[in-house]
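Derivation of every value follows stated rules applied to the coordinates shown; laboratory data play no part. Worth saying up front: this structure is predicted, and the values here are computed from it rather than measured. A quick note on method: Cβ atoms are made from the backbone with ideal geometry, for glycine too, and the neighbour counts reach across all protein chains shown.
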Amino acid sequence: MMTARKWLKLDCAPALGLALTALTLTACAAMPQEALAEPKPQTELPALINDGFESESALSFDWPMLEIGTGQYEDGPTGLTVLKFGKKVNAAVDARGGGPGTVNAEYLKLGYTQPELDAIVLAGGSWYGLEAVTAANTALLDDRYRGGYWDNVGLVVGSIIYDFGGRRLNEIYPDKRLAQLALRAAEPGIFPNGAYGAGRSAMNGGIFGCHARSGQGSAYRQVGDVKIAVFTVVNALGTVTDREGNVVACHKGDNWPEALKATDLMRAAPDSLQPGWNGEEDTKEVERKNTTISVVVTNRALSPAELQRLAVQVHTSMARGIQPFASEFDGDVLYAVSTNEVDSGPGATLPSMEIGVTASELMWDAILAAMPEEQVTQPEPDPELVVSASALQKYAGTYRFSHLAELTVRVEDGALVASATGERDVFQVRKGSPRTLLAATPDTFTVERGRYPFSVQFTDDTVIVNPGRWQQTGHRVSGN
């Protein structure tokens, strides 16, 4: 039974409640165009953790040597995940994708026998998120956990995913502050699955236009005295596939089969890789920057060669659960770690092979666990609903999401019309292509249904696009 934990609440703006804990740290990121108040920490017990998870699943396991810290900027949303070890450990790395983003990974390839690694950071924010890796390392020094003497220098490695572009309307990234908060709040025994930490704005299936939400996942098994844990952040260009070959989540076209198989999409290539495939008009450009970053940890002592083979074996196995895998536009990286706590097991043959088989199956579990229970949805318009002219006029104005994105809403012929008036599209409202907003409720509007969901909710001087887990909030800068 998991006990309730205290969270640290950071209030950055009115009506915006963001929570920070050893499980999930949240904070507010300031953008140059907006002046956000300095966060004011308070402790509280949120509903999310109270003798278990109520909304999203989590992995609970007994391994004091391995501590987890996750941090998020809900204003992004974006985040990071820290794996911290109770002592220096051995590690290896296997990079498969065509565009990996890493810090200190090359050092792990040298195969030194002495344990040197302190922590691994997985982060969003593309190249900018790599700041989180070095920030975690300096926190070890600042906290006097590590020092400057040659045999006590801290070593943190890490990798990033791309979570900008069409998935959110700002360029907030996980930075030094968030990384150090997450490291210092890390604790053993709990790993949140789904849209948390580094997987907060992860997606998958873009190569086929699925653009489904994913996140971070984990799995654990103990065989005798040998412990094996795997963690992954699934931001893959390919689609997540279950053990029956089904695509787990996809924004499908009208002509796509209900029971969509990965083989349906793979066999239809190269046509299935093209925008507008299968008669779709509501197309979305494929953002060819994706990455799945993963970690496998065992307490079994392994040589550098065995650790390297474990990394290769488990990483190769991931092509079963993500199809296609390790493309030119993926930055796939896997770290294999031995905490050197057990000298024998799990069987009588090569430990790296035995652990590799078990970890490979666990990694498929972790890939599936990364998929959130919910996706972005679109409400149905109510043809019987009549919103008064005065109410419509109240919603008119220009709403700013960041220096990159603005949405201008006007009243035209008794209806609301939305236009993207900043540098970028506002999801399904494309620049130069205004969209009529259809009323679903008196304050919530949608557009004519297409392949990808879109809705807006007006509240006071803000507009919320796609209300829910991945919502984006714009603040009125002109108009009523």
Could you give the size of the charge dipole of the chain about its Cα centre, using +1 on the Cβ of each K and R and -1 on the Cβ of each D and E, expressed in debye and rounded to the nearest 20? 700
Greater than 29 Å apart at Cα, pairs in 227/252; 252/394; 88/289; 109/227; 84/261: 227/252; 252/394; 88/289; 84/261
Determine, from the Cβ-Cβ distance of residue 348 and residue 225 and an R0 of 22 Å, the FRET efficiency 1/(1 + (r/R0)^6), rounded to the nearest 0.05. 0.90
With a 10 Å radius around each residue's Cβ, average the other Cβ atoms per peptide and rank 367-376, 332-341, 263-272, highest first. 332-341, 367-376, 263-272
Euclidean distance of C-alpha centroids, segment 375-396 and segment 164-213, integer Å: 31
Reduced to Cα centres, the span from segment 343-359 to segment 86-152 in Å works out to 26
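Please get the size of the charge dipole for segment 299-428, origin at its Cα centre, with Cβ charges of +1 on Lys and Arg and -1 on Asp and Glu, quoted in debye to the nearest 20.
300
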Derived scalar couplings ³J(HN,Hα) [segment 367-380; Karplus, 6.51 cos²θ - 1.76 cosθ + 1.60; whole Hz; x for Gly, Pro]: 4, 5, 5, 6, 7, x, 5, 10, 10, 5, 10, 10, x, 7
In 20 Å bins starting at 0, how do the alpha-carbon pair distances of the chain split up by percent? 24, 54, 20, 2
At R0 = 35 Å, FRET efficiency that the Cβ-Cβ distance of residue 441 and residue 316 yields, to 0.05: 0.10
Pairs of Cα atoms under 8 Å, at least six residues apart: use those to get the relative contact order of the chain, whole percent. 15
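Ranked highest first by the average count of other Cβ atoms within 10 Å around their residues, in what order do 379-386, 453-460 fall?
Values: 379-386: 11.9, 453-460: 20.0.
So the peptides 379-386, 453-460, ranked by packing, come out 453-460, 379-386.
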Interchain or long-range residues, amide H under 5 Å from residue 249's placed H: 240
Integer Hz, Karplus 6.51/-1.76/1.60 couplings in order for segment 117-130, x for Gly and Pro: 7, 9, 7, 10, 10, 10, 9, x, x, 6, 4, 5, x, 5
Long-range amide H contacts for residue 405: which residues qualify at under 5 Å (H placed 1.01 Å from N, peptide plane, sequence gap of 5 or more or a different chain)? 423
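Excluding residue 290 itself, calculate the net charge of residues whose Cβ lies under 13 Å from the Cβ of residue 290, where each Lys or Arg counts +1 and each Asp or Glu counts -1.
On the way: positive: 96, 167, 288, 289; negative: 163, 287, 328, 330, 332.
Counting the neighbours of residue 290, the net charge comes to -1.
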Asserting the computed 222 nm helical MRE of the chain (DSSP H runs at least 4 long, -39500 (n - 2.57) per run, divided by residue count, to nearest 500) equals -4500 deg cm²/dmol
Tell me which of 339, 250, 325 sits at the most positive position along the dipole axis of the chain, charges placed on C-beta atoms (Lys, Arg +1; Asp, Glu -1). 339
Karplus (6.51, -1.76, 1.60) ³J(HN,Hα), θ = phi - 60°, over segment 70-76, in Hz, Gly and Pro reported as x: 10, x, 9, 10, 5, 5, x
When the charge dipole of segment 57-136 is computed with +1 at the Cβ of Lys and Arg and -1 at the Cβ of Asp and Glu, the Cα pointing farthest to the positive end, of 64, 79, 112, is that of 112
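Taking each pair of different alpha-carbon atoms in segment 297-347 once, compute 1/r for the pair, average those values, and report the inverse of that mean as the Kirkwood hydrodynamic radius in Å to one decimal.
Hydrodynamic radius (Kirkwood, Cα pairs) of segment 297-347 is 12.3 Å.
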DSSP bridge orientation in the chain - percent antiparallel, rounded to nearest 5: 85
Counting only DSSP beta bridges with both residues in segment 295-442, tell me the antiparallel percent, nearest 5. 75
Taking R0 as 22 Å and r as the Cβ-Cβ distance between residue 415 and residue 374, the FRET efficiency 1/(1 + (r/R0)^6), rounded to the nearest 0.05, comes to 0.15
Highest mean first, what order results for 426-432, 131-137 on Cβ atoms within 10 Å? 131-137, 426-432
Which angle between 0 and 90 degrees, to the nearest 10, do you get for helix 131-142 versus the longest principal axis of the chain when only C-alpha atoms count? 50
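Hey, how much of the P(r) for segment 389-479 falls beyond 18 Å, as a percent of Cα pairs?
In whole percent, the long-distance tail amounts to 35.
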Residues meeting the amide H criterion for residue 163 (H placed from the backbone, H to H distance under 5 Å, 5 or more places apart or on another chain) are 125, 126
